[in-house]
Structures are given as structure tokens and as C-alpha cells.
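Structure, as C-alpha cells:
The values are calculated or read from the model by the stated rules, or taken from the named source; none is laboratory data. Keep in mind it's a predicted model, so treat the numbers as computed, not measured. Ideal geometry is used to build each Cβ from the backbone, glycine not excepted, and the neighbour counts take in all protein chains shown. The accessibility values were calculated without ligands, DNA or RNA, using every heavy atom of the protein model including side chains. Shrake-Rupley method; radii C 1.70, N 1.55, O 1.52, S 1.80 Å.
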Amino acid sequence: MDPDRIPAEFPAPSFRGAQEHALHDINDAFAAGNEVVLVRAPTGSGKSLLARSIMGAARTVEAAEPREATGAYYTTPQVSQLDDVATDELLDDLNVIRGKSNYACVLPGEHDTPVDRAPCARQRGFDCSIQHRCPYFSDRSIASSRRFAAMTLAYFMQTAGSEVFGKRDVVVIDEAHGLAEWAEMYATIELTPDRVPVWEDVGVPDVSGESGGRGGGRESGGSRNGDGGGNGDGNADHGQLDRTARFVEQLRDACERAKDELVGRPELEPAEVARRDRLQELIGELGWFLEDYRDPQSPTTWVVDQPGGEGTAITIKPLDPARYLKHTVWDRGNRFALLSATILSKEAFCRGVGLDPSDVALVDVEHTFPLENRPLYDVTQGKMTYEHRAETIPRIAELVVRLMARHPDEKGLIHAHSYAIAEQLADRLRDRGVAPRVRSHTKATRDDELEVWKASDDPEVFVSVKMEEALDLRDELCRWQVICKAPYLNTNDSRVERRLEEGQWAWYHRAALRTVIQACGRVVRAPDDHGTTYLADDSLLDLFERARADTPPWFADQIAAMGTPDLPAADPAAALSGIDATPTAAAAAGGGAVDAETEARITSDDTATNGSTADGSTGSGSTNRDAGTGTTSSGTSGTSTGGGGGAETRSERDAKRRNDHPLSDVWGDG
């Protein structure tokens, strides 16, 4: 790598904001001998362009010795981020490669078949005469032979050890803040009936060792050489993990036999190809667990969940899988640049990904967006913890109506945190007569509804789940947003539970703050852009206090400048004034109280989705709470008429139109 080339490799015709200064700082950091440089760049600072500049400093083939690594990788955990790179004209020399399932076979009669189910995957010894035209193999060949290859982090990890995608001189990881968590998730082994093709052929024991396999048991333990993993009973932990390891050995043998039987056949059906590939994947996962667990030098701590006992699903999870990252990431390059807006603590981040902080440089990129363009507002309505959200959700719905009246002609985004909260909030907005302006989504319709909302010319309000990251809502795409709940991690997750048992509360608060900062960056994407973020959960204010030491200065400035806005009344007519729809007075009263059935559903859904959120918050009083919640300014809220289609939300109206369309059977919606 030649760091001095970094500024000159900038792909845009001119610099914006602090980009030029940042590139010189990155140059200096690599020139000082650092193999890893963390680039903490605020949202909207043009991280992809900085990434391309760093990649441009990689050793070229012409300047390299035969055995020296050349070229660069760009990788990101976010599929949408890779999509943006693929369509950016300034980054057209980054050659994108995706997994086989993203490409269709081009053989006659196979055009609807993904490449991972094509004849080359189904038939032993199949020789494809047009492989050179295959979109997957074509993209793979180009990406592997050209100077710059771009791929998702999942694909990057999957190709570890590949002869096609070997070691390169420079690796750039964009949106790198979640690298440790991503590695943990990627290395997790889920043994369930739908993920283990030989499930019916093996007897699944109660790995906790408790007779009767009582439900709800969470068993966890350290690696074989560990100290009990913090539970105070190392022998018990090792017994649990030993039982898990013995079962894993038996399961791997069963998978090997089933795979060998399939591999021996001359031709396979698509379903059999899927079974064979899953068996091969599972064999690798189980083998890695056994190898790591038996290694007395391994730093990995393993936790095992089997809440249902004997015969039920088992999940094997690694904590801080630094060893896993070594062969999937750190062995893949000579120099690394890790970019993110939210690497909040250099030391904690490095420990989590297996790096020595003393060997890593940190470059902070200045935030150049005017503070007045990115305001935070305290509109807290109560606590959204497990015990309180049933009474707080109606208040937030009332708040959203007031915000819709404040922004009648502007799109809004609601960060609901979970599908249970999103559903309840959408129902409450329907009760208040503003459904015609509301769009929501399910897990299955998430991407489609997002694209429709972005393309709409109307000031729709999108009730969303898990859209805090990798979403570019510049300018009129969105002008305001609401964060409904402090995004604490699920304490029912055994990894989270273990860390909190060990007192890692700073990590817990950093993770939530990171998500809040990411969310705030969705609606302000350039120095001349502007967007407002409203905070509806009391626990967010407590989070800011608890995570103050890890808060970037530029975000601390936003918190310090936070105020309480004057909001209009919760008038459905004003909320709908920007679209062709009007509320009626015929609907039932808004009703601040929650009926028993609704409260039970909220409680049940949130337990399944989020667990009890032990956020450690103080329960500070809201500064903006209305005394009489659940009613509009007139005391009632109505269904809507006009262009909105009654009490239907935008999503429901669109689905109905598709189902009623004469071509719905062709589209597959009928």
C-alpha cells in the first residue's frame, strides 16, 4: 500500500465538507505504520468516497512481486449499502459480486432458476457450455480479476480460504460498527427442525442434563479451558457444553452420511440440491464449533440455549468470536480501513473484534452539517419498557397526530422498534382517523413498502421496524422522524444476559446509543439538508446520561441543544390537510385506556419479540405529556373518508387494489 496516493484517488471532482482533511489524516495514519485505521465519519460525510480513495492506494499488479497481495476489497454488512455502491457512477470501478441465489440461470428452460439450483448444482459432472455467459460466474470472474471487488460481509466471510477471492493488499469495511455482533450472529449455529435436514434421524437430548427437559431453561458455559463463563459453576457449565459437543459429533456424522448419499447420485432435484448444500454448510458450522471448543487456547466463550428441553431446538452462540474473525476477515488483507459513524469507543471496539488498540489508529472526521439543520426534540410521552408501554403507546399515537399536523406536507418516519409496537401504533392511528396518511409493513413486505413510500409524492408517514441504518432519506424523502423506544438489546438473548451478568452495562448502553445515532442520521444527508428527530420514550433521555462518556462531540452538541417544541392540537383534519382525505366524526373515541385483550396482545407479542427490556432507566417524568391522552382536540377521533379509503392505511389500500385488479392472478396477488 502506498498511503501517499490516498488523497489523489478521491473519485469525485471536488471535495465536500471535511473530506480532504480526513483523507490526509488517513494517509498519515497508514504512513505511520498502522495496519488498521478506524475512520469515525458522521452520517452523510461521504464514507463510500473515502473508502474508494483508500482502496486506490492498494498495491498494483505492476508494482508487485509474484507472491505479494494486490488490489482491494470493499465490503459492508448492509445489502442496501452495496446496492448504493453498485449504482454510484463515481464508484463504477468497484466490481460487485453477490451470492449465487441473486442470479438467474441463463440456460433454456431455466430462466426462473437461481444459479444455486441450476443444472450445474443439480447434476454431477455437469459441463455448462455457456458458463461464460452465466451472470454469476461472469460477475465472479470480473470481481476476482479486477483491481477492486465489492461484496457483502456475509459473502466476504463465506469466501474465506477461497482460491478465487484470496488475500488482497487493502480491505475496507464500511458500516463496521457492528462487526463483532455480525460475526457472533454469523457464527451462531441454529439447530432446528427446519434447518437440520436429518432432524428426524437423530435423537435431540436435553443438553442441560435436567430430567424431563423442563421448558425455559437457558444453559450457558465457557470454552473447555474456561473459568465457567461467569456463572460461578465451571464444572456445571462444562458438563452442559460437553453434552452439547457429544450431540454435535453425532449430528455431524449423520449429516456426513446424508450428504455422501446425495453426492453419490448422478442427478438431483432442486429440493435435493438445497438439502445437500444445507448439509454441507451445517457440517462446516458443527466442525468449527468442535474445533474451537476443544482448543485449550481458544478465547471463545460459548453459550447454549434450549428452552424447550429434550427433542427441541438448540442454539449454540459464541461470545466475542475473535478467533472466527481472524480467518474470515483479518487474514484476508495486509491493511484495513474500518469506516463508521458510530464506533463509539475505540478500546471496546478493538477488544470485541480481536484487535490490540495500541496497534490501531483512530481518525475522527469533523461533522460539517449545521446544528440547526439536525435538531432533536424532547417530546417524551412515558416509558416504553415492558411494564409501561401499554399505557404509553396511545400517548405516542396522539403525539404522532400532533406531529402530522405540524408537518402536514412532509413525509415522516416512525421508528417503532418492534413489529408488536408497530402494529399497535398503526391501530391507534387508525382509531384517530389518520390512517390514509399512514403506511406500515410486515417482515415479508418490508422492502416493497419502503420503496413505495420513498417513491410517493404524498406526505406519507411510514411506521417502520429496524430501519435505523443504511437508509438514505435525503431532502424531501423524509423531513421528520420519531424514535418510539430506546433501542436496548433484548435481555432474553443469552449473549446479552451473560454480558450483563458480567457487569458489561457500558457495552449495553453503547449499543443502544449507537442505534439512536444511526437513526438520527437517516434524515439529514448533506450540509444543506435538514430533518427533525423527535424522541418519544423517557428512557432515551436516561440513555443519553448513562452513555455520556461514549457520545461523539457532534452528537453531544445535538443533545445539549435539544428543546421542547410547541405542537399543535391533535386535530385529524390538520394531520390530513396535505392529502386528499378528511376524517369523520363517526369513529369511536380515541380512548387512552387500553382494553384487556389489547394489553395482553402487546405483552405477549413484546415478550416474544423483544423480551423484558432491562434498560436501567430512571423513569424520569415526561416534559411533554398531555394530561388527557387518547382523544383528539375535540374529544373524538374518526375514521377517514375521501381519497384515503375510510379507515384503511396506505398499505392496506394498495393491497386491496392489487387484489381487486383484473391482473392480480398474473401478479400472484390474487
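Being in contact (Cβ under 8 Å) with a residue 12 or more places away in the chain and outside any helix (DSSP H, G or I) is a property that residue 454 lacks. Residues of the stretch 442-471 that are of a type outside the set (Asp, Glu) and farther than 20 Å from residue 410 by Cβ: 442, 443, 444, 445, 446, 465, 466, 470. Could you check, for the stretch 399-418, whether at least one of its residues is under 30 Å from residue 155 (Cα atoms), among the polar types (S, T, N, Q) and at pLDDT below 95? The answer is yes, given that some residue of the stretch 399-418 is under 30 Å from residue 155 (Cα atoms), among the polar types (S, T, N, Q) and at pLDDT below 95.
Checking the stated criteria, residue 186 turns out not to satisfy the condition of being modelled with pLDDT of 90 or more, closer than 30 Å to residue 261 by Cβ and part of a helix (DSSP H, G or I).
Which one is nearest to residue 151 (Cα to Cα) among residues in the stretch 90-106 that are out of contact with any Asp or Glu (no Cβ under 6 Å at 6 or more places or on another chain) and surrounded by fewer than 19 Cβ atoms within 10 Å (Cβ to Cβ)? Show your work before the answer.
Our first condition is that a residue be out of contact with any Asp or Glu (no Cβ under 6 Å at 6 or more places or on another chain); within the stretch 90-106, this holds for 90-96, 98-99, 102-106.
Retained after the next criterion (residues that are surrounded by fewer than 19 Cβ atoms within 10 Å (Cβ to Cβ)): 90, 92-93, 99, 102, 104, 106.
Working: 90: 17, 92: 14, 93: 13, 99: 9, 102: 12, 104: 18, 106: 22 Å.
Among them, the one singled out is 99.
Scanning the stretch 468-485 for residues that are aliphatic (A, V, I, L, M) and surrounded by 19 or more Cβ atoms within 10 Å (Cβ to Cβ) yields 471, 473, 477, 482, 483. You will find that of 439, 495, 432, the residue that is among the basic types (Lys, Arg) and open to solvent by 10 Å² or more (accessible area, probe 1.4 Å) is 495 and no other. Going residue by residue through the stretch 6-17, is there one that turns out to be modelled with pLDDT of 95 or more, surrounded by fewer than 22 Cβ atoms within 10 Å (Cβ to Cβ) and acidic (Asp, Glu)? Yes, the conditions are met somewhere in the stretch 6-17.
Among residues of the stretch 644-670 that are among the aromatic types (Phe, Trp, Tyr), those with a Cβ under 9 angstrom from a residue that is open to solvent by 40 Å² or more (accessible area, probe 1.4 Å) and modelled with pLDDT under 80, sequence gap 6+ or separate chain, pair up as 667/658; 667/661.
Which one is surrounded by the most Cβ atoms within 10 Å (Cβ to Cβ), of the residues in the stretch 24-60 that are of a type in the set (Gly, Ala, Ser), part of a helix (DSSP H, G or I) and at pLDDT 95 or above?
Within the stretch 24-60, the subset of a type in the set (Gly, Ala, Ser) is 29, 31-33, 41, 44-46, 48, 51, 53, 56-58.
When the remaining residues are screened for being part of a helix (DSSP H, G or I), the result is 29, 31, 48, 51, 53.
Narrowing further to those that are at pLDDT 95 or above: 29, 31, 51, 53.
On the way: 29: 21, 31: 13, 51: 28, 53: 25.
Looking at residues that are of a type in the set (Gly, Ala, Ser), part of a helix (DSSP H, G or I) and at pLDDT 95 or above, I get 51.
Put simply, of 162, 144 the only residue that is surrounded by fewer than 16 Cβ atoms within 10 Å (Cβ to Cβ) and over 23 Å from the mean Cα position of the chain (by Cα) is 162.
If the Cβ limit is 6 Å and pairs must be 6+ apart or interchain, which residue in the stretch 13-24 that is farther than 16 Å from residue 337 by Cα pairs with which residue that is in a helix (DSSP H, G or I) and open to solvent by 80 Å² or more (accessible area, probe 1.4 Å)? Pairs found: none.
This table checks each residue for (1) in contact (Cβ under 8 Å) with a residue 40 or more places away in the chain; (2) out of contact with any helix residue (DSSP H, G or I) (no Cβ under 6 Å at 6 or more places or on another chain); (3) surrounded by fewer than 18 Cβ atoms within 10 Å (Cβ to Cβ); (4) closer than 21 Å to residue 265 by Cα.
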{"residue": "108", "(1), (2), (3), (4)": "no, yes, yes, no"}
{"residue": "117", "(1), (2), (3), (4)": "yes, no, no, yes"}
{"residue": "127", "(1), (2), (3), (4)": "no, yes, yes, yes"}
{"residue": "138", "(1), (2), (3), (4)": "no, yes, yes, no"}
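Within the stretch 101-118, can one find any residue that is under 29 Å from the mean Cα position of the chain (by Cα), under 22 Å from residue 329 (Cα atoms) and assigned to a loop (DSSP other than H, G, I, E, B)? The answer is no, given that none of the residues of the stretch 101-118 is under 29 Å from the mean Cα position of the chain (by Cα), under 22 Å from residue 329 (Cα atoms) and assigned to a loop (DSSP other than H, G, I, E, B).
For every residue, the table says whether it meets (1) farther than 21 Å from residue 51 by Cβ; (2) part of a loop (DSSP other than H, G, I, E, B); (3) hydrophobic (A, V, I, L, M, F, W, C).
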{"site": "132", "(1), (2), (3)": "yes, no, no"}
{"site": "139", "(1), (2), (3)": "no, no, no"}
{"site": "143", "(1), (2), (3)": "no, no, yes"}
{"site": "156", "(1), (2), (3)": "no, no, yes"}
{"site": "166", "(1), (2), (3)": "no, yes, no"}
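Residues in the stretch 368-385 that are among the β-branched types (Val, Ile, Thr) and either farther than 25 Å from residue 19 by Cβ or modelled with pLDDT of 95 or more (or both): 379, 380, 385.
Checking every residue in the stretch 386-403 against the condition of being among the β-branched types (Val, Ile, Thr), touching a residue at least 60 places away in the same chain (Cβ under 8 Å) and surrounded by fewer than 24 Cβ atoms within 10 Å (Cβ to Cβ) gives zero matches.
Answer yes if at least one residue in the stretch 530-537 is outside any helix (DSSP H, G or I) and surrounded by fewer than 21 Cβ atoms within 10 Å (Cβ to Cβ), and no otherwise. Step through it out loud before you land on a result.
Initially, the stretch 530-537 is screened for residues outside any helix (DSSP H, G or I), giving 530-537.
When the remaining residues are screened for being surrounded by fewer than 21 Cβ atoms within 10 Å (Cβ to Cβ), the result is 530.
Checking the stretch 530-537: at least one residue is outside any helix (DSSP H, G or I) and surrounded by fewer than 21 Cβ atoms within 10 Å (Cβ to Cβ).
What about residue 491, is it among the β-branched types (Val, Ile, Thr), on the phi < 0 side of the Ramachandran plot and within 16 Å of the chain's Cα centre (by Cα)? No: the conditions fail for residue 491.
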